[in-house]
1. How about the stretch 129-154: which of its residues are out of contact with any helix residue (DSSP H, G or I) (no Cβ under 6 Å at 6 or more places or on another chain) and polar (S, T, N, Q)?
2. Only residues that are of a type in the set (V, I, T), assigned to a helix (DSSP H, G or I) and either closer than 23 Å to Y224 by Cβ or touching a Cys at 6+ places or on another chain (Cβ under 6 Å) (or both): list them for the stretch 147-187, please.
3. Within the stretch 196-207, is there a residue that is at negative phi and open to solvent by less than 20 Å² (accessible area, probe 1.4 Å)?
4. Tell me the helices (runs of 4 or more DSSP H) entirely within the stretch 1-120 that contain at least 3 residues that are open to solvent by 70 Å² or more (accessible area, probe 1.4 Å).
5. When you go through W307, W210 one by one, which is the residue that is open to solvent by less than 30 Å² (accessible area, probe 1.4 Å) and at pLDDT 85 or above?
6. Looking at the stretch 174-192 only, could you name the residues that are in contact (Cβ under 8 Å) with a residue 40 or more places away in the chain and either within 16 Å of G286 (Cβ to Cβ) or open to solvent by 40 Å² or more (accessible area, probe 1.4 Å) (or both)?
7. Among I277, I248, which is open to solvent by less than 60 Å² (accessible area, probe 1.4 Å) and at pLDDT below 85?
8. Go through F130, F176, F139 for me and flag whichever is modelled with pLDDT under 95 and under 10 Å from the mean Cα position of the chain (by Cα).
Amino acid sequence: MNSNSLSKGAWLLIILGLVVVAALGIRTISNSDFWLHLAMGRQVAEAGVQKADTSTFTVAGTPWVNSSWLYDRILFALWSLGGAPLVILLHAAAAVLAFALLIPPARKWAGGASLSMALVLGAWLLAPRFTIAPHIAAFPLAAAFVMLLSEPRKSWVLWAVLLPAQVIWVNIHPSFVLGPAICAVFAVQFWIASRSGDLAEFDRFMQALWLTIATLLAGFVNPYGLALYAHGIVSLSSGAFKFVQEWISPFSGQFPGSTLPKHIVTLALIVGAGGLIAEKRNLPIGITTLAVASAFLIILFPRNVEWMALLA
């Protein structure tokens, strides 16, 4: 199926899938850490970025890394401008934008019904973590990396978009370590393709390689330097899932013993594995690797369910 072969009915199904994503994002603010982000945003607005704990009386004055200081500042500005409705709508819009950006590379390999089902399943997986939080703001940045690298682009477009995106990402959420990782995955894809003598693929390989290095260096454009990289790696590898679940019946449990998220993940793995096995064409290494890696990421560290929802 080529990129122009989707019918109006197929696009309608895709739009309905995006509507489901949006609908799950229109919700009350139930996550307690929202108020901490809001308070930190006010602090940044009034006193600048702090490198010592000023909020916890038991460890006041100890070194502290606020990995989402820019998100907090923007959140406070949005709250001051439009309160809860504006904040909720913009977070839902960020999630919809992220999934929409991934439709162009995905539609080359699936029809409207498959894409719509993938969007609905992704929204379902995301539901336990679809909170008003910085990881939702990071979603469109990750999606932009995948979308731009999955097709041939002019070099200046990649550099003009991805480097600024990485600088923003590093200051809003510790998942910024995925930016260089995504570039590296596509670099491997282009290198393998270039071994047949394709000079265009070799040029793409060199672009992706230099982007990997550049985005790694761009990660240091933050108030905390190397400490923020360490914080990002620890955050993605944390197994403390029981501390990040929110009560949003019927999609999640209030208690750590809930098994429903595990069943949802199992369903997603079965569907995804079945699709890979049934595919007779050569799937692109980049997006396939990201999808499979996201499955392993959630198996090892379940708190990363949102990244499986997006990448898989």
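1. Within the stretch 129-154, just T131 meets the criteria.
2. V167, I168, V170, V177, I182
3. no
4. Filter on the stretch 1-120 gives 8-25, 33-47, 69-101.
5. The conditions single out W307.
6. Within the stretch 174-192, L178, G179, I182, V185, F186, V188, Q189, I192 qualify.
7. Sole residue among the options that is open to solvent by less than 60 Å² (accessible area, probe 1.4 Å) and at pLDDT below 85: I248.
8. So the residue among F130, F176, F139 that is modelled with pLDDT under 95 and under 10 Å from the mean Cα position of the chain (by Cα) is F176.
The values are calculated or read from the model by the stated rules, or taken from the named source; none is laboratory data. If you're wondering where the values come from, they're calculated on a predicted model, not measured in any experiment. Heads up, the Cβs are rebuilt from the backbone with ideal geometry, glycines too, and the neighbour counts pull from every protein chain shown. Surface accessibility is based on the protein's heavy atoms, side chains included, excluding ligands, DNA and RNA. Shrake-Rupley method; radii C 1.70, N 1.55, O 1.52, S 1.80 Å.
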